[in-house]
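Asks: My questions all concern the structure below.
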Amino acid sequence: MPETISKAQATQKNPAGAKSGSRRKTLIGFVTSNKMKKTIVVEVTRQKAHRMYVRVISRTNKFYAHDENNTAHVGDVVKIIETRPMSRLKRWRLAEVLRKAALVPQQPELPEQV
């Protein structure tokens, strides 16, 4: 007789709750905007050979991704995962921040001289 396992036993084997053979697409890109609440814009650059000329062409796409805790900032390199539609444009969510951007100190504004 085949053994059946309960959901509790299945989550013990995979505590994160993620499917082991997940077919969701993952992309790596850098954050270009985080001005919206819980949303980031990720720019992904892909390189592929031209069919006729066999030259390498760069193609960039922008993806809107859900960032629940607002952890990503402009310039960060992030990994995003395909998910259910969350809004008209958001179909991705932030998986992890791979590399943080270097923080540049802001120059103090000087008072205008009259």
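A short reminder: the numbers here are calculations on the coordinates, not readings from a lab. All values reported here derive from a predicted model rather than from experimental measurement. Glycine also receives a Cβ, built like all others from the backbone with ideal geometry; neighbour counts cover every protein chain displayed.
Asks: If you scan the range 30-47, which residues turn out to be part of a strand (DSSP E or B) and touching a His at 6+ places or on another chain (Cβ under 9 Å)? Don't jump to the end; show me each part of the working.
Replies: Start the filter on the range 30-47 by keeping residues that are part of a strand (DSSP E or B), which leaves 30-36, 39-47.
Answer for the range 30-47, where residues must be part of a strand (DSSP E or B) and touching a His at 6+ places or on another chain (Cβ under 9 Å): VAL31, ASN34, THR39, ILE40.
Asks: Quickly run through the range 76-114 and pick out the residues that are over 12 Å from the mean Cα position of the chain (by Cα), of a type outside the set (Lys, Arg) and under 18 Å from VAL31 (Cα atoms).
Replies: LEU89, ALA101, ALA102, LEU103, VAL104
Asks: Now for a separate question. Does any residue in the range 92-103 that is free of Cβ contacts under 8 Å to residues at least 60 places away in the same chain come within less than 8 Å, Cβ to Cβ, of a residue that is outside any strand (DSSP E or B) and of a type in the set (Ser, Thr, Tyr) six or more places away or on a different chain, and which pairs are these?
Replies: ARG93/THR83; LEU94/THR71; VAL97/THR71
Asks: Something else: So, in the range 23-71, exactly how many residues are loosely packed, with under 11 Cβ neighbours inside 10 Å, within 13 Å of ARG93 (Cβ to Cβ) and aromatic (Phe, Trp, Tyr)?
Replies: Summing the residues that are loosely packed, with under 11 Cβ neighbours inside 10 Å, within 13 Å of ARG93 (Cβ to Cβ) and aromatic (Phe, Trp, Tyr) in the range 23-71 gives 0.
Asks: Same structure again: Checking VAL97 against (1) part of a loop (DSSP other than H, G, I, E, B); (2) over 17 Å from MET36 (Cα atoms), which single condition isn't satisfied?
Replies: Against the list (1) part of a loop (DSSP other than H, G, I, E, B); (2) over 17 Å from MET36 (Cα atoms), VAL97 comes up short only on (1).
Asks: Pick from the range 88-111 the residues that are touching a strand residue (DSSP E or B) at 6+ places or on another chain (Cβ under 8 Å) and of a type outside the set (A, V, I, L, M): which of them is surrounded by the most Cβ atoms within 10 Å (Cβ to Cβ)?
Replies: Within the range 88-111, the match that is surrounded by the most Cβ atoms within 10 Å (Cβ to Cβ) is TRP92.
Asks: Same structure, new question: Which residues, taken from the range 61-85, are among the charged types (D, E, K, R), in contact with a Phe, Trp or Tyr (Cβ under 9 Å, 6 or more places away or on another chain) and in a loop (DSSP other than H, G, I, E, B)?
Replies: Taking the range 61-85 and keeping what is among the charged types (D, E, K, R), we get 62, 67-68, 76, 79, 82, 84.
Retained after the next criterion (residues that are in contact with a Phe, Trp or Tyr (Cβ under 9 Å, 6 or more places away or on another chain)): 76, 82.
Passing the criteria: only ASP76.
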